[in-house]
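The numbers here are math on the coordinates, done by the rules we state, and not lab data. Just so we're clear, the structure is a prediction, and the values are computed from it rather than from any experiment. Cβ sites come from the backbone with ideal geometry, for glycine too, and all protein chains shown count toward neighbours.
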Amino acid sequence: MAASAPFLGWLDELAAIGGDPEHGWCRFAWTEEDRKARDWFAAVAGSLELEVEQDGNGNLWAWWGGPGPGAIVTGSHLDTVAGGGAYDGALGIVSGFAAIHDLKARRGDGEPPHPIVVTAFADEEGGRFNLPCFGSRLLTGALTPAAVLGRTDVKGNSVSDVLTRFGLDPMQLGDDLDRLARVRAVVELHVEQGRGLVDLGAPIGVATGIWPHGRWRLELTGRSDHAGTTRLVDRRDPVVAAAEVVLAVRDLAAQLDMVATVGRLVVSPNTPNAIAAGTELMIDARAPTDHVLDGFLARLGEVVDKAAGEHGVEVESHVDSRTIGVTFDEGLNVRIEHVLTRAGIATVRLPTAAGHDAGILAAHVPTAMLFVRNPVGSSHTPSETATVDDCLVGVDALAAVLEDLAWR
Ligand SMILES: [Zn+2]
C-alpha cells in the first residue's frame, strides 16, 4: 500500500495550533485554540470533499457519503490536556482523513456503499470542566445536560456561558439516539499511551478493552497546632494519616497487578511550622476487572479507617467518578485482524487503562480501537510520540479496515 502523501503535512498543521514541543500543547475545548483546530478540521474535510456538520453536543462529523444509515465512524478528538502531546487525539483524526485520501486514490471519488465519517468528539480530555468524554457521553446519554450546564471552570465560567460564547446552543445538548442508530461501527485509532506495543514488538495493536477506573476524593480532618510545642502523642495530624494512605495505594496496586495514583494532595493551611488541619487526596485507580478494583477499594478502606483511628483524624470520602470496564466487540476485532492479515500488517492485541470516546460508544455500537506504538510510552506530555513509519502503518491499517467495513 502507498504511504499517505498528505499525512505528515496535516499532522504538522494541527501541531502548529496551541503549542510546541518545548512547552507542550494546550487545546482546551471551547477556546480560541479549539476554534482554530475545528477550522483546520473543516478545511481538510473540505479538501477531501467531505460534508462537515456539527451536532448539538459540539461534535464534528465529516461525511464521505451519507449522512445515511450504516455509517462507519472513525476519528478521535482535537482537544488536549494542559501541557499535552501532539499525538493524543490528533493522530486519530489525521489518520482518518489520510485513510480517506488513500481510499479515494484507490477506489475513485464515488461514494462508498456505507458512508465513512471522520469525527472530532468534543472535549474528550475534560481539561477545562473535569467532564471527560463530554461530547460522546452527551451523545449517548451517559451524561445529561442537567449534570453539565452548571459546571464551572477555574475562572468561574459556566459550561452554559462558555458554549453560548462559542456559538453553541446549550438547549441542544443531550442524547441523539437517531444519530447513533445511523452508525454501523466505530474504529478509533489512537497513539498508545503506554509501552505495551514496544514490549510486544509490534507497530500497531488491536485493543481488547479499557480497564475499569475511577477517582475518589478523601478529606482527612485533624487539628492544627504548633509544630514545636505540641507533643507527638497529642497530635491529630492528617498529613501523617495521608502518608500512610499514599503508600497503601501504591502497595495494594502492586499486589493486585493494577495501577493507582495519588496525583493530588492538598494540605491546609500548608504552613511550615504548624500541624495541618486538613488534607485532601485524589486517588485514581484502574484495574483489569471491576472485581479487582472493588477488592482494591475494600482493602484501601480498611487502611484508611486504621490510619484515621491511629492519628485521631476524621474521614470523609467521595466518589468523583467510576467507569465500568469496556470489552470491545469481539466480532469486529476478529474481522479487523483478518483484514490486517490479508493486508500483510502484523498486529497484536492489548488492553488499555486510559479512557477514550470509543469506550463510551462501545455500549451502543460495535466498536474497536487501533493503537499505534509509542516508543517512549509516555502520554499527556510533550514527549509523547510515534515514528513516521509506525504512523503510516496505522494509516494503511485504518484504510484497509474502513474499506472492508464500508464496501462489504
Ligand atoms: Zn486521547
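Before moving on, here are some points about what is shown:
- Nearest 10 degrees, 0 to 90: helix 32-47 Cα axis against the chain principal axis: 20 degrees
- Per-residue ³J(HN,Hα) for the stretch 245-259, Karplus 6.51 cos²θ - 1.76 cosθ + 1.60, θ = phi - 60°, Hz, x for Gly and Pro: 5, 4, 5, 5, 4, 5, 5, 5, 4, 5, 5, 9, 6, 9, 10
- In this rough spin-label picture, where each label sits 7 Å from Cα along the Cβ direction, the E316-N157 distance is 3.0 nm.
- The simple spin-label model puts a point 7 Å past each Cα toward its Cβ; for E302 and R264 those points are separated by 2.9 nm.
- Of the residues S383, H291, T271, the one whose Cα sits farthest toward the positive end of the charge dipole of the chain, with +1 on the Cβ of Lys and Arg and -1 on the Cβ of Asp and Glu, is H291.
- A cut-off of 5 Å between modelled amide H atoms, ignoring neighbours fewer than 5 places along the same chain, links A274 with A227.
- Under-5 Å amide H pairs with G65, H placed in peptide plane, nonlocal only: E51
- Residue-span extension gain [M282 to T341] - 0.36 nm each, minus C-alpha spacing: 16.9 nm
- Those residues of the stretch 323-354 whose amide nitrogen sits under 13 Å from the label point placed on R106, 7 Å along Cα→Cβ: 339-345
- Qualifying trypsin sites (Lys or Arg not before Pro) in the stretch 153-206, DSSP loop, other Cβ atoms within 10 Å at most 10: K155
- Shape analysis of the stretch 69-209 places it in the oblate category; the axes a ≥ b ≥ c from the Cα gyration tensor give an a/c of at least 1.5, with a/b not above b/c.
- Separation in nanometres of the label points that stand 7 Å from Cα toward Cβ, at N130 and E22: 3.3 nm
- Amide H contacts under 5 Å for G325, placed H, 5+ residues apart: D290
- Taking 0.36 nm per residue of sequence separation and removing the Cα-Cα distance, the R165/D12 pair yields an extension gain of 52.2 nm.
- Using a cutoff of 8 angstrom between alpha carbon atoms and counting only pairs six or more residues apart, the relative contact order for the chain works out to 23 percent.
- Counting only Cβ charges, +1 for Lys and Arg and -1 for Asp and Glu, the dipole size of the chain around its Cα centre is about 340 debye.
- 3J(HN,Hα) from dihedral phi, the stretch 143-150, Karplus parametrisation 6.51/-1.76/1.60, rounded to Hz, x for glycine, proline: 10, 9, x, 4, 6, 10, 5, x
- Gyration tensor (alpha-carbon) shape descriptor, the stretch 1-106, a/c threshold 1.5: oblate
- Stretch gain in nm, segment R250-T387, where the contour uses 0.36 nm per residue and the Cα spacing is subtracted: 46.1 nm
- Using the Karplus relation 6.51 cos²θ - 1.76 cosθ + 1.60 with θ = phi - 60°, the per-residue 3J(HN,Hα) values for the stretch 203-211 come to x, 9, x, 9, 6, 7, x, 10, 4 Hz, with x marking Gly and Pro.
- Look at the Cα gyration tensor of the stretch 349-407: its axes a ≥ b ≥ c give a/c of at least 1.5 with a/b at or below b/c, and that counts as oblate.
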